[in-house]
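Below is one structure; the comments refer to it alone.
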Amino acid sequence: MDLKKSFITHIQTSNLIPAQSTVLVAVSGGRDSMALLHALNSLQEKFKFTLNAGHVNHRLRKTSNADAAFVQKQCEEWGIPFLSKT
């Protein structure tokens with residue numbers, strides 16, 4: 001079974017995302033959280049949910065501001081509401 005089918009099956013069997021729900025994904029800008037955001041974005045219509053992205057910039061690394069800007073830009077391109085705190 002491929003990864004996307006496995007992900008969909010897990011969502012369905014676990015009832016992780018009920019229809020009409022709102023999902024807030026914590027996104028750091030790293031590969032894993034961006035992959036999750038992309039996967040969930042592609043499934044919004046199938047599961048009938050609203051997707052939002054949240055990012056917290058703790059300013060612990062020199063690249064923290066760039067990470068926040070990257071996530072915000074990607075959310076804008078994908079039409080995902082973006083929430084950010086510093």
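For the stretch 49-72, what are the residues that are touching a Ser or Thr at 6+ places or on another chain (Cβ under 6 Å) and open to solvent by 60 Å² or more (accessible area, probe 1.4 Å)?
T50
Quickly run through the stretch 1-53 and pick out the residues that are polar (S, T, N, Q) and under 15 Å from the mean Cα position of the chain (by Cα).
Selection gives S21, T22, S28, S33, N41, S42, Q44, T50, N52.
Identify all residues within the stretch 1-48 that are at pLDDT below 95, of a type in the set (D, E) and open to solvent by 100 Å² or more (accessible area, probe 1.4 Å); write none if there are none.
E45
The values are calculated or read from the model by the stated rules, or taken from the named source; none is laboratory data. Keep in mind that this is a model prediction, so the values were computed, not measured. When we count neighbours, we look across all protein chains shown, and the Cβ atoms used for this are built from the backbone with ideal geometry, even at glycine. Accessible surface is based on the protein model in full, side chains and every heavy atom, while ligands, DNA and RNA are left aside. Shrake-Rupley method; radii C 1.70, N 1.55, O 1.52, S 1.80 Å.
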